[in-house]
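**Q** Have a look at the structure that comes next, please.
The values are calculated or read from the model by the stated rules, or taken from the named source; none is laboratory data. Every value quoted in this text rests on a predicted model; they were computed, and no experiment measured them. Reconstructed Cβ throughout: ideal geometry from the backbone, glycine too, with neighbour counts over all protein chains shown. These area figures cover heavy atoms from the full protein model, side chains too; ligands, DNA and RNA do not enter into them. Shrake-Rupley method; radii C 1.70, N 1.55, O 1.52, S 1.80 Å.
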Amino acid sequence: MSDRGRYQGDGIGLVDDKGRVAIPSALRTILSANAPKANGKDGGTIIIGAHQKNRCLVAYDPGYVALLAEKLDRREAENTREDGEYDYNIKRRAASGEAVPFDGSGRFIMPTFPRFYAGIKTHAFFYGVLDYIEIWDPAALVATPDMPDVVKEMARFYMAEKGVAL
């Protein structure tokens, strides 16, 4: 997995009433390279789940599941007490995820609970954070205190291009 592409890029997607949205081109290219369809056709599978800390979503290719599990196993081992007990929420927070197909243009249907959890309505802001992609409701991102200013400005910029002020 050392040749695995890293998710870098950002963009905004319009979410329709059925929850369909398109992954921005730069992120879709990496996603497709990390998880090509066996039949050689365009599209693939994206896993969508709730973020471990923030009210947003995480998205990644199926190959990342094994890497995530390794990270969580290490974190669990590092936080195991002498009596064998550990924080059971380490894996609970990261275990949510639903595999959904995306087509050649990057369109997929956002699963309903994750979409509800993140408060995503008509716009979804995609942001590549190397290992995975975060998907935010733009207003929620801007209102999140610990988000870097540059990321907040990206969301404001893309929304202003759509004629929406945040």
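**Q** Kindly indicate whether Ala99 is free of Cβ contacts under 8 Å to residues at least 60 places away in the same chain, surrounded by fewer than 19 Cβ atoms within 10 Å (Cβ to Cβ) and part of a strand (DSSP E or B).
**A** Yes.
**Q** Further question: When the residues of region 2-44 are narrowed to those that are touching a strand residue (DSSP E or B) at 6+ places or on another chain (Cβ under 7 Å) and at pLDDT below 90, which ends up surrounded by the most Cβ atoms within 10 Å (Cβ to Cβ)?
**A** Looking at residues that are touching a strand residue (DSSP E or B) at 6+ places or on another chain (Cβ under 7 Å) and at pLDDT below 90, I get Gly44.
**Q** Filtering region 107-132 down to residues that are among the β-branched types (Val, Ile, Thr) and within 19 Å of Leu166 (Cβ to Cβ), which residue is most open to solvent (accessible area, probe 1.4 Å)?
**A** Looking at the filtered set, the residue picked out is Thr122.
**Q** Does region 141-152 include one or more residues that are among the small types (Gly, Ala, Ser) and in contact (Cβ under 8 Å) with a residue 40 or more places away in the chain?
**A** No, region 141-152 has no match at all.
**Q** Moving to a separate point now. Does Gly119 count as touching an Asp or Glu at 6+ places or on another chain (Cβ under 8 Å), of a type outside the set (S, T, N, Q) and on the phi > 0 side of the Ramachandran plot?
**A** yes
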